[in-house]
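Asks: This is the structure I have questions about; it appears just below.
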Amino acid sequence: MKKVWLFLLAIFSIVLVACQSQPEPKEISQPYDFAIFDEDKIVTFKQEGDSASVVESVARKNQLQFNKENTAQSDASFFAVSLQNGKTVEPTIISVQRDDLTEKIHTLGTTFPYTIASDGTYLYSVTLDEGIRLVKYDKDFNEIENKRLIDNDFVNMANQLLVVDDSLYLLMSSVSNDTSMPSTQIWKLSKSFDIEEKINIEEPGVYVKMVNVGRTLYLLDRSSGDYASQGPLLTYQLDTKEKSYVEITTPLLHPVFIDYEPNRNELLIATENGKWLTYQLETHGEKISEFSTVYDDIVVPFFAKTPTHQYFLFHKTLFILNVETNYSEIIYLQEFDIKLAHALVINSEND
C-alpha cells in the first residue's frame, strides 16, 4: 500500500510541476512600440532610434498563427485570418487591439476567407460559396450584412478587397463560362454589397494584388518576368477609367506583395525570390533591397511599418530599416525564445 501511495504522490508531483511550468495568459503591463506574435506568446519591444529592445513577454490565450497574406488594419485594431498549416484549425478571424494586444476570436464555420478589409468601423470578409459571399462585421464580430453574389457569366476567384472612400473594390481572377478564357475583373460595391460597377481590365497578366493611391489603383501582375508580361504594374484611374503601365527598369520575377507609403509617396513591391523594390512615384527612382543574409524557412516576410521604420519579419529573424537614415538592424529572435514568429503588430500610437 505504501508503494502505491508513493507512486501516486510521484505522479501528482509531476503533474503539478507540469501545470506550474505552463505560463498563465496575462495582459501586457508596460508601454510598447511593436509586438511579435509567436505561437504561444507575445513579445513586446520599444524602438529607440535605431535600436529595438525587449519590454516583456506574455502568454497568449490561443496558439493560432496569422496568415500574412490575409490581414487588415484599422486605427484601433489589427485583423488576421488564421493560417491553414496542417493542423486542425477551424476558419477563424482574429482581432488584436493595438493598444493592449488583447485578442478576440471569431470562428467562421467551414470556409476560410480569401480576403478581408476594414474601413475603421466595420470589417469586411469575402469567401466563395457557389458565388461570392461577403460579410460585414462590427467590432464585436456581430454580422451586419451577409450577401451572396452570383455571376452567371464567369467563374470568379476573389483575390483582394480594398476600401476606397465610400466603396469596396474586389479584385478577382475570372474565367468565362462561354469561352474558358481567363481575365481580371474588379467589382465596385457599396458597403451594403450592391454591385455598382463591373470593370473588366482587359489586359494580359495575372493580377492578384493591388493598392490604391488616392483614386488610382496599382495592380500587381503575378506573372511579371514571364514572356507575355507587359510589366509588373498596371494603373487604373477610378474616375477616368484610363489604364497605363508603370515603366520599371528593375527586373521583377513574380511579384507577390505591394504596399503604399504615403509619407514618402513610395510603392514597395516584393517578389517571390526575396527582392524588395522601393519605387518613388514622383521621381520614378528605384531601389532594391535583398534579404539573403536573413533567410530562414520563408522567403517573403511579414511586413509592417511606421512613418520612420519598416519591419520585415521572418520566422526566426527580424530586419528593421530606418527609412530616414537607411540604417538597418537585424534581430535574431531565438535570443528571446521566439520559435515561430508569424506577425508583427504596431502600437496605434506610432502610426
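The values are calculated or read from the model by the stated rules, or taken from the named source; none is laboratory data. Values in this document were obtained by computation on a predicted structure and should not be read as measured data. Reconstructed Cβ throughout: ideal geometry from the backbone, glycine too, with neighbour counts over all protein chains shown. Only protein heavy atoms, including side chains, enter the accessible area calculation; ligands, DNA and RNA are left aside. Shrake-Rupley method; radii C 1.70, N 1.55, O 1.52, S 1.80 Å.
Asks: Out of all the residues in the range 18-32, is one or more at pLDDT below 95, open to solvent by 50 Å² or more (accessible area, probe 1.4 Å) and under 18 Å from HIS342 (Cα atoms)?
Replies: no
Asks: Looking only at residues in the range 78-111 that are crowded, with 20+ Cβ neighbours inside 10 Å and of a type outside the set (A, V, I, L, M), which one is nearest to ILE42 (Cα to Cα)? Break it down stepwise before answering.
Replies: Just the residues of the range 78-111 that are crowded, with 20+ Cβ neighbours inside 10 Å, to begin with: 78-82, 93-96, 98.
Restricting the remaining residues to those that are of a type outside the set (A, V, I, L, M) gives 78-79, 82, 95, 98.
Details: PHE78: 14, PHE79: 16, SER82: 16, SER95: 14, ARG98: 13 Å.
The qualifying residue nearest to ILE42 (Cα to Cα) is ARG98.
Asks: Filtering the range 151-191 down to residues that are under 26 Å from ASN67 (Cβ atoms) and in a loop (DSSP other than H, G, I, E, B), which residue is most open to solvent (accessible area, probe 1.4 Å)?
Replies: For the range 151-191, the residue satisfying everything is LYS191.
Asks: Any residue in the range 132-148 that is closer than 18 Å to ALA80 by Cα, β-branched (Val, Ile, Thr) and open to solvent by less than 20 Å² (accessible area, probe 1.4 Å)?
Replies: yes
Asks: Would you check if there is a residue in the range 270-287 being more than 25 Å from ILE248 (Cβ to Cβ), open to solvent by 60 Å² or more (accessible area, probe 1.4 Å) and not hydroxyl-bearing (Ser, Thr, Tyr)? Steps first, answer last, please.
Replies: Filtering the range 270-287 for residues more than 25 Å from ILE248 (Cβ to Cβ) gives none.
Checked against the condition, which is being more than 25 Å from ILE248 (Cβ to Cβ), open to solvent by 60 Å² or more (accessible area, probe 1.4 Å) and not hydroxyl-bearing (Ser, Thr, Tyr), the range 270-287 yields no hits at all.
Asks: Sticking with this one: Please go through the range 264-275 and pick out each residue that is modelled with pLDDT of 90 or more, within 21 Å of ILE298 (Cβ to Cβ) and of a type outside the set (Val, Ile, Thr).
Replies: Kept after step one, since they are modelled with pLDDT of 90 or more, are these residues of the range 264-275: 264-270.
Restricting the remaining residues to those that are within 21 Å of ILE298 (Cβ to Cβ) gives 268-270.
Answer for the range 264-275, where residues must be modelled with pLDDT of 90 or more, within 21 Å of ILE298 (Cβ to Cβ) and of a type outside the set (Val, Ile, Thr): LEU268, ALA270.
Asks: Inspect the range 327-337 for any residue being on the phi < 0 side of the Ramachandran plot, assigned to a loop (DSSP other than H, G, I, E, B) and open to solvent by less than 50 Å² (accessible area, probe 1.4 Å) and give the result as yes or no. Before you say what the answer is, go through the steps one by one.
Replies: Pass one, the range 327-337, residues on the phi < 0 side of the Ramachandran plot: 327-336.
Within this subset, residues satisfying the condition of being assigned to a loop (DSSP other than H, G, I, E, B) are 327.
Next, only the ones that are open to solvent by less than 50 Å² (accessible area, probe 1.4 Å) stay: none.
Taking every residue of the range 327-337 in turn, none turns out to be on the phi < 0 side of the Ramachandran plot, assigned to a loop (DSSP other than H, G, I, E, B) and open to solvent by less than 50 Å² (accessible area, probe 1.4 Å).
Asks: Which residues, taken from the range 98-123, are without any contact (Cβ under 8 Å) to a residue 60 or more places away in the chain and among the polar types (S, T, N, Q)? It would help to see each step written out before you state the result.
Replies: So the first thing to find is which residues in the range 98-123 are without any contact (Cβ under 8 Å) to a residue 60 or more places away in the chain, and the list is 103-118, 120-121, 123.
Those that are without any contact (Cβ under 8 Å) to a residue 60 or more places away in the chain and among the polar types (S, T, N, Q): THR107, THR110, THR111, THR115, SER118, THR121.
Asks: What about GLY231, is it in a loop (DSSP other than H, G, I, E, B), farther than 15 Å from ALA117 by Cα and open to solvent by less than 20 Å² (accessible area, probe 1.4 Å)? Steps first, please.
Replies: On the way: in a loop (DSSP other than H, G, I, E, B): yes; farther than 15 Å from ALA117 by Cα: yes; open to solvent by less than 20 Å² (accessible area, probe 1.4 Å): yes.
For GLY231, the condition - in a loop (DSSP other than H, G, I, E, B), farther than 15 Å from ALA117 by Cα and open to solvent by less than 20 Å² (accessible area, probe 1.4 Å) - is met.
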